[in-house]
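The values are calculated or read from the model by the stated rules, or taken from the named source; none is laboratory data. Keep in mind it's a predicted model, so treat the numbers as computed, not measured. Positions of Cβ are generated from backbone atoms using ideal geometry, with glycine treated the same way; all protein chains shown enter the neighbour counts. Side chains are part of the model used for accessible areas, which takes the heavy atoms of the whole protein and leaves out ligands, DNA and RNA. Shrake-Rupley method; radii C 1.70, N 1.55, O 1.52, S 1.80 Å.
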Amino acid sequence: MISLYDTLAGEVRPLATREPGKVALYACGPTVYDHPHLGHARSALTYDVLRRYLEWRGLDVRHVANITDIDDNIINRARDEGRTEGEVAVEWEAVYVDAMAKLGVLDPHERPRATEWVREMVDFVGRIMDVGAAYSTPTGVYLRVRDVAGYGDLVHRDLDDLRASAGARVEVDEAKEDPLDFALWKAAKPDEPSWPSPWGPGRPGWHIECVAMSLGILGDDFDIHGGGNDLVFPHHTNERAEALAVGRTFARHWVHNAMLNIEGTKMSKSLGNYRTVVEMLDEHPLNGRAFRLLVLQTHYRKTMEVNPELMASARSAVQRLDALSRRAAAAGIDIISRSGGTSGASRAVGAWTDDEWTVLPTSSHGPSLDHAAVEAFREAMDDDLGTPQAVAAIFDTLRRANAALDAGSEDAATLVATVRDLSERGLGIPNAGPPHLAGRLGAGGSTCAPGVTVLPDGGDDGGDDDGGLTASGEGGMAEDTPGPSDAEIEELVTRRQATREAKDWAAADALRDELSAMGVVVEDTPAGPVWHRQ
RNA sequence: GCGCCGGUGCCCGAGCGGACCAAGGGAACGGCCUGCAAAGCCGUAAAGCCGCGGGUUCAAAUCCCGCCCGGCGCUCCA
């Protein structure tokens, strides 16, 4: 049974979906007017992992993540740059989508844009007017908050409490009946983009966007509504109020991820600790996977810390995953297959530079998995997405796999396959770089046999109930590999191997230094040297 | 001010009443392996320990009360 913390209930509850076997998930996306930052990435990663896990469990997930492409920030930027709002939004949406792809975030099934749903938003506002829960003023249409019973339930605060804060902070709009009332529709100001409406030209308020799109696409009573915990109030509170005002049932579960701090404080431009996803990714080819691992090592409801040291330690951990793949390959256990260039259409994410690889499906003909490890993983994930413990289970299995490899045990194949399945398909962390990173020379001269899985005894995974090991392949993340070509490297590795066989250690070491200077690491295994780029 | 969430080993971070498990990751040190490395495995005593002070309990890092410190929200925000 899968449980999740529900913000509205204030406790961990079993995930009770509207339809058995299906999950309708709506996660609030970004407003596109600037570079996505690490916080956007943490949020996107949270729902990506939630989705992957639900799918790993065999559930049919419909994931919707919106793009807010019209708002004050976009308008301001467009004005500053002398462009249209549309141009600004299109540009930054592309940057966002590309950055998420590089983080291995699967494309949501639908990515609605606010501007494409204005008609539905106008209709929605109209219905709220019809039931008398809203009123129109010269500046726009406002929801009368006191008409909505349980308005503050999501934030667990009552009206007076909220009002005390609001009055003190925000300049009170004279036209509003209550400082808490918020705009459903904003009357157009000169030079601003606008759409026609029964209340005059204007544009939708922020909250109405998500209500119209989530209910419009997923329908009433959809399963999970997620977003950053900074959206609990006012955004989600107001979305909910709009839906309740017209008597519609909204999200069954509210999931909110915590914020991300850099050097102890929330990042912000003014503090100079604002970090974009692109910068982070550019700093090191392993950072995409490292950041995902770092995010997963902290529970999603707890503020997490990011700094260069932590990124470095996460990179080291990622390298252990890769090392296992190399060791397994050297031992003849190879569950990586090269897909001959076909870039799986359903694949959401960018391929590994020029090569693309995938993991063989483990459904019916796949290798058997280690039952205890799978159970530990599932137990951790079922309990409110316990990714830190899930990661622990994976690394524990990784250690066992290495030990089995050392011992030449038959269990090795199963354990290696388990590590791969859980980390890649369950959490979205690919285990090895492009196949050529595992390029292998030596006595046998064999390279990874395409599509071949050499594993003993491919029985199913212990016949346990709903392991749901049925989803398909894995998305990759871009990790550029500039520098010397494979041929150049293999040339040096081959020469070094010759000197080693001649026991000319000095020459061998010199060649290794040379390779090392090129960023290439050579490991001598019983089956011959194996190399990979740093 | 109001609300919420945290303070666990050198660092990050699980655990949230009882298992000689304070998980897992990183760093460090020792051993094995190796031509040397890398990768990998094994190990890292005793004492003490889970912000501080009380309390509840046969039993608390885990529950209650108080205090100190930190973060976030209440305003566009993932």
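Within the group A:Ile128, A:Ile67, A:Ile75, which residue is in contact with a strand residue (DSSP E or B) (Cβ under 8 Å, 6 or more places away or on another chain) and closer than 20 Å to A:Pro193 by Cβ?
Details: A:Ile128 fails: closer than 20 Å to A:Pro193 by Cβ; A:Ile75 fails: in contact with a strand residue (DSSP E or B) (Cβ under 8 Å, 6 or more places away or on another chain).
On inspection, the qualifying residue turns out to be A:Ile67.
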Looking only at the stretch A:238-261, how many residues end up being of a type outside the set (Asp, Glu) and over 24 Å from A:Pro14 (Cβ atoms)?
8
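Open to solvent by 20 Å² or more (accessible area, probe 1.4 Å) and in contact with a Lys or Arg (Cβ under 9 Å, 6 or more places away or on another chain), is that true of A:Glu523? If you could, list the steps in order and put the result at the bottom.
Details: open to solvent by 20 Å² or more (accessible area, probe 1.4 Å): yes; in contact with a Lys or Arg (Cβ under 9 Å, 6 or more places away or on another chain): yes.
So A:Glu523 fits the description; yes.
Taking the conditions exactly as written (within 30 Å of A:Glu263 (Cβ to Cβ), more than 10 Å from RNA strand B (Cβ to nearest atom) and either assigned by TED's automatic domain parsing to the domain that holds A:Gly386 or not in a helix (DSSP H, G or I) (or both)), does A:His63 satisfy them or not? It would help to see each step written out before you state the result.
Working: within 30 Å of A:Glu263 (Cβ to Cβ): no; more than 10 Å from RNA strand B (Cβ to nearest atom): yes; either assigned by TED's automatic domain parsing to the domain that holds A:Gly386 or not in a helix (DSSP H, G or I) (or both): yes.
No, not satisfied.
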Check A:Thr525 against each of (1) modelled with pLDDT under 90; (2) at positive phi and name the one condition it does not meet.
(2)
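With respect to A:Leu215, is the statement that it is out of contact with any strand residue (DSSP E or B) (no Cβ under 7 Å at 6 or more places or on another chain), over 17 Å from A:Val64 (Cα atoms) and surrounded by 16 or more Cβ atoms within 10 Å (Cβ to Cβ) true?
Values: out of contact with any strand residue (DSSP E or B) (no Cβ under 7 Å at 6 or more places or on another chain): yes; over 17 Å from A:Val64 (Cα atoms): no; surrounded by 16 or more Cβ atoms within 10 Å (Cβ to Cβ): yes.
So A:Leu215 fails the test.
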Out of the residues in the stretch A:488-534 meeting the condition of being among the hydroxyl-bearing types (Ser, Thr, Tyr) and either out of contact with any Phe, Trp or Tyr (no Cβ under 9 Å at 6 or more places or on another chain) or more than 11 Å from RNA strand B (Cβ to nearest atom) (or both), tell me which one is nearest to A:Arg315 (Cα to Cα).
A:Ser516
Among A:Val295, A:Val278, A:Val318, which is the only one that is touching a residue at least 60 places away in the same chain (Cβ under 8 Å), open to solvent by 20 Å² or more (accessible area, probe 1.4 Å) and either within 10 Å of RNA strand B (Cβ to nearest atom) or in a helix (DSSP H, G or I) (or both)?
A:Val278
Quick one: which helices (runs of 4 or more DSSP H) lie wholly within the stretch A:77-178 and hold at least 1 residues that are under 28 Å from the mean Cα position of the chain (by Cα) and loosely packed, with under 13 Cβ neighbours inside 10 Å?
A:85-102
Looking only at residues in the stretch A:377-389 that are more than 9 Å from RNA strand B (Cβ to nearest atom) and assigned to a helix (DSSP H, G or I), which one is surrounded by the most Cβ atoms within 10 Å (Cβ to Cβ)?
A:Phe377
Selection count, the stretch A:14-60, where residues are out of contact with any helix residue (DSSP H, G or I) (no Cβ under 9 Å at 6 or more places or on another chain), small (Gly, Ala, Ser) and assigned to a strand (DSSP E or B):
0
Considering the stretch A:481-515 alone, what residues qualify as being open to solvent by 30 Å² or more (accessible area, probe 1.4 Å) and not in a helix (DSSP H, G or I)?
A:Thr481, A:Pro482, A:Gly483, A:Ser485, A:Ala502, A:Lys503, A:Asp504
Residue count, the stretch A:78-109, condition more than 13 Å from A:Ala41 (Cα to Cα) and within 12 Å of RNA strand B (Cβ to nearest atom), comes to 1
For residues that are open to solvent by 10 Å² or more (accessible area, probe 1.4 Å) and either in contact with a strand residue (DSSP E or B) (Cβ under 7 Å, 6 or more places away or on another chain) or free of Cβ contacts under 8 Å to residues at least 40 places away in the same chain (or both), scanning just the stretch A:232-245, find the one that is farthest from A:Asp71 (Cα to Cα).
A:Ala245
